[in-house]
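Take a look at the structure below.
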Amino acid sequence: MAFTLTHIRTGEQKDFSVRDILQLLGDPINNEIIIGGESYRINDVQGDLGGGGSDGSTWRADWQKIPMTVGVSGQTQFSISINTSDPEGLFLAVNGAIYDYGINSAFDIDSGTLNWHGGFNLEPSDHVYIKYLTLTSN
């Protein structure tokens, strides 16, 4: 059940799926959506999610979590290798708080370097990880 929308500024077309709608309506950070007062896992969605193979295969979303080490107080750059086609879907967690991706947000990634500009200095004692979804074919 995929559909395509055209970006207003660029005119570029992009495919969206049932999972995209569930993430919009639900809570992608906690991987859940509440329907009729009951909680369900977003990545457990089954069926035609759009973008499936021509053989009828479907896709499964899995959260990836990559721990990061703050080596020195005030560190703002980290070398990172992430295989994701949607950087807007990246989240950085610092001591349990989630930060958004973007030049005007808490962090961005440029040429394999994560740049922290979240408004406070990171410390070696901080618990930091990056989280994102990957799709695998069933």
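The values are calculated or read from the model by the stated rules, or taken from the named source; none is laboratory data. A quick note: this is a predicted structure, and the numbers were derived from the prediction, not measured. Virtual Cβ from ideal backbone geometry, glycine too; neighbours counted across all protein chains shown. All accessible areas refer to the heavy atoms of the entire protein, side chains included, with ligands and DNA or RNA removed. Shrake-Rupley method; radii C 1.70, N 1.55, O 1.52, S 1.80 Å.
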Answer residue from region 121-138, given it is farther than 11 Å from Val94 by Cα and among the hydrophobic types (A, V, I, L, M, F, W, C) and is modelled with the lowest pLDDT among those: Leu135
Count of region 73-128 residues which are open to solvent by less than 40 Å² (accessible area, probe 1.4 Å), more than 20 Å from Trp63 (Cα to Cα) and without any contact (Cβ under 8 Å) to a residue 24 or more places away in the chain: 1
Qualifying residue in region 42-65 (condition: modelled with pLDDT of 80 or more, closer than 16 Å to Leu90 by Cα and in contact with a Ser or Thr (Cβ under 8 Å, 6 or more places away or on another chain)): yes
